[in-house]
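Each value in this text was obtained by applying a stated rule to the coordinates, not by laboratory testing. Note that the coordinates shown come from a computational prediction; the quantities given were computed from them, not determined experimentally. Neighbour counts are summed over all protein chains in view; Cβ atoms, including those assigned to glycine, are modelled from backbone coordinates with ideal geometry.
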Amino acid sequence: MTQKTRFLKEAVSVRYIMKKYPFTEKKDTRSGFGAGLLEAGKKNENVVALCADLVGSLKMEAFIKEFPERFFQIGIAEANMMGIAAGMTIGGKIPFTGTFANFSTGRVYDQIRQSIAYSDKNVKICASHAGLTLGEDGATHQILEDIGLMKMLPGMTVINPCDYNQTKAATIAIADYHGPVYLRFGRPVVPIFTDPDQKFEIGKAWMVNEGKDVSIFATGHLVWEAILAGEKLAEMGIDAEIINIHTIKPLDEAAILKSVAKTRCVVTCEEHNRLGGLGDSVAQVLVKNDPLPQEYIAVDDSFGESGKPADLMKKYGLDSENIIQAVQKVIARKK
């Protein structure tokens, strides 16, 4: 495979990524949000931040220190936070709300639907601690339905970046985008493997590795697991095309169809319920345009449980080994 050095513009080899970015270079994606929020605030004086009593968890301290007059601590009143944010947009402000993914969606779905999405308000709903990797806090906090909930809202953009750098870039980009956005990120430290100077393009998939035998469409924390799987698959003689779908909605349908035209089979990977997430979005594209074998790497219609993040990812089938098994299975289904 040809090695490229320009991320987000050209494909790079799996081996090149793993060589350049060793496991020691790790950071949590929520810190990428905090860094991006500060930069967005510096670029645009209309950017304001609201938080539901979780400043430290959302890494908002730097923004608060720099712009104390543009920060609003709402307390444990998430529904009120969404209503306030919607009202702020009427005066031209660009509010970024911050709390856990569970409280950013399930707890306040009515307020988001009625006050933000229906009215097309320019609110950025920023959600940390998403998925199983919240870990020991357990099923009541590990929301696995949030992508589905948010992508079903008309006009809502849904973004799930893969590492610190991409989360920072996405946070800066959504400040310049007009319309409601759901930005999803997490707590665990994960390898950093995207360009620190990248330009984040909403709705534009990133080709991680070009291949011909199978298309692996991954999002969020599962992008790195797909890279690990791609390295092992290469050793097995399987040339996997790996694409980072950081924007779930609007979905880059052209990139999906171009990839599957070569590979003729698909594996989708997400830290989310199998129902309603990335896999279902890709399946809709395939069934309308080019029906092909597809395997899902996702939580199989269940809640999570308390445990260490890595153990939970393994138990629920969200690691590189399960991706490899899914690839072997889907290739065997090709006609």
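For K335, the aspartates and glutamates whose Cα falls under 18 Å of its own Cα, not counting residues fewer than eight places away in the same chain, are D213, D239, D290, E295.
Can you give me the angle between helix 278-289 and the longest principal axis of the chain, using Cα atoms only, in degrees from 0 to 90, rounded to the nearest 10? Tilt relative to the chain: about 60 degrees.
For segment 26-191, a crude dipole built from +1 on the beta carbon of Lys and Arg and -1 on the beta carbon of Asp and Glu, taken about the Cα centre, is about 280 debye to the nearest 20. Calculated mean residue ellipticity at 222 nm for the chain: -11000 deg cm²/dmol, from DSSP H runs with n ≥ 4 weighted as -39500 (n - 2.57), summed, divided by the residue count and rounded to 500. The label point for E66 and the one for K262, both projected 7 Å from the Cα toward the Cβ, are 3.9 nm apart. Each Lys and Arg contributes +1 and each Asp and Glu -1, all at the Cβ; summed about the Cα centre of segment 189-335, the dipole is approximately 500 debye. The label-point distance for D176 and I90, in a model that sets each label 7 Å from Cα toward Cβ, rounds to 3.0 nm. With a threshold of 22 Å on the Cα-Cα distance, the over-threshold entries among K168/K212; K42/K199; K59/K124; K42/K93; K151/K314 are K168/K212; K151/K314. Report, in whole Å, the centroid distance computed from the Cα atoms of segment 223-292 and segment 46-100. Answer, in whole Å: 34. For segment 172-208, trypsin sites (Lys or Arg not before Pro) meeting the loop criterion (DSSP other than H, G, I, E, B) and having at most 11 other Cβ atoms within 10 Å: K199. Here the chain is treated with +1 on each Lys and Arg Cβ and -1 on each Asp and Glu Cβ, and its dipole about the Cα centre works out to around 660 debye.
Between K26 and K335, the simple label model (points 7 Å from Cα in the Cβ direction) yields a spacing of 4.4 nm.
Report, in degrees rounded to the nearest 10, the 0 to 90 angle that the Cα long axis of helix 29-43 makes with the longest principal axis of the chain. Approximately 50 degrees, to the nearest 10. In terms of surrounding Cβ atoms within a 10 Å radius of their Cβ, D146, D290, D239 rank from fewest to most as D290, D239, D146. Straight-line cross-link reach from K315 at under 26 Å between alpha-carbon atoms covers these lysines, not counting any fewer than eight positions away in the same chain: K26, K27, K232, K329.
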